[in-house]
Amino acid sequence: MSAVCILSGLTRDAAPQPNPQARNILILNLMPNRAVTEQQFARTFARAGVDVNLTFILPATHHIRRNETALRRAYRSFRDVEREQFDALIVTGAPLDQKQFADVDYWDELQTILQWRHGHVHGSLFLCWGALAAGHIDGTFEGERLDRKICGVYRCGQYLMPQSRYFRIPAANVTSGSVLAGDDALGACIISNPVTHSTYVSGHFEYLPGTLAAEYHRDRRQNGADAATPQHYFDRDMRIRANWQHDAASFYRDWLNAIPTQQPTKAIQEA
């Protein structure tokens, strides 16, 4: 197990002591259940075998409906960290894939952060809606929105990975970088762009065993029988098969170990 130090967020360590030898990772947390998401990453990195210091930030321009004061107090903002350097940036998913980008209240701030990263982080990882948005901003690919949710645990190349999304990235739409995993039904699931040291992932390696079940029951309350049942996730007795966690740890370990140690070049900073 690796050491994980959480420097900001709702589950921040009581007396955080960052490891100077650990990888410093900045996570823009766009998920609504922020404390749960923090622990998803903490547990995944703990299994990955690479020591990390995690700094969670929120968009300053996002309208938060519940517990805003507590969240702002616990989290850092982009302005707080914009003069700092990090080994990596992660942008999480968000339940926004049925919205137009321009309708997202923090869209301008997200574009600013993605431009900033070229000179302040060595590698970037974008997940689910974060990947859809970053692919559009970077000009790496364009996704297509779906009426029916892709939901379940699917094999993507060498990895099993939870998926929970209303979009697909056709491989033909990837105009920069390489598709590392995917198929015609799921679309591109893992895309790498070495020019900007960025990886785009359509799913959620970090999900805990019960996350898809919680989303399914929420969707059932909202949509009734129209809710998509997670595929390859429940067994015949509706028990959860949490069979992706080894692959999640392997993916994050390989991703961290592949991040270059030098600063991005001037050409990339101006990309």
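Taken together, the values in this text are just the output of simple stated rules run on the coordinates, not laboratory data. Just so we're clear, the structure is a prediction, and the values are computed from it rather than from any experiment. All Cβ positions, even for glycine, are placed from backbone atoms using ideal geometry, and neighbour counts span all protein chains on display.
Worth a mention:
- Among ASP87, ASP237, ASP226, the residue with the largest mean-square fluctuation in a Gaussian network model of the chain, with springs joining Cα atoms closer than 10 Å, is ASP237.
- Cα gyration tensor, segment 67-146 - rounded (a/c under 1.5), prolate or oblate: oblate
- As a proxy for reagent exposure, ranking GLU84, GLU38 by other Cβ atoms within 10 Å from fewest up yields GLU84, GLU38.
- In angstrom, the C-alpha Rg and Dmax of segment 130-212 are 12.1, 36.
- Where only alpha carbons of segment 1-107 are counted, the Rg and the Dmax (Å): 14.0, 41
- Residue order, fewest to most surrounding Cβ atoms within 10 angstrom, among HIS136, HIS204: HIS136, HIS204
- The chain shape via C-alpha gyration tensor axes, a/c threshold 1.5: rounded
- Rounded to 5, percent antiparallel among DSSP beta bridges of the chain: 45
- Sorted fewest first by neighbouring Cβ atoms within 10 angstrom, SER178, SER8 come out as SER178, SER8.
- The calculated pair-distance distribution of segment 41-86 uses every alpha carbon pair, bins of 10 angstrom beginning at 0, and gives 22, 39, 33, 6 percent.
- One quarter of the surface of the convex hull around the alpha-carbon atoms of segment 136-271 equals 9.4 nm², the direction-averaged projected area.
- The chain: Cys lacking any partner C-beta under 4.7 angstrom: CYS5, CYS128, CYS151
- Gap separating the Cα centres of segment 180-217 and segment 54-98, nearest whole Å: 21
- Here the Karplus relation 6.51 cos²θ - 1.76 cosθ + 1.60, evaluated at θ = phi - 60°, turns the backbone of segment 25-30 into coupling constants of 10, 9, 10, 7, 8, 9 Hz, with x for every Gly and Pro.
- Gaussian network model of the chain, springs between alpha carbon atoms under 10 Å - residue of THR44, THR69, THR229 with greatest fluctuation: THR69
- Its Kirkwood hydrodynamic radius, worked out from the mean inverse distance over all distinct Cα pairs, puts segment 133-173 at 11.4 Å.
- Measuring how big segment 34-186 is from its alpha-carbon positions, Rg and Dmax come out at 16.1, 44 Å.
- Considering only ASN223, ASN173, ASN193, the mean-square fluctuation computed in a Gaussian network model of the chain, springs between alpha carbons under 10 angstrom, is largest for ASN223.
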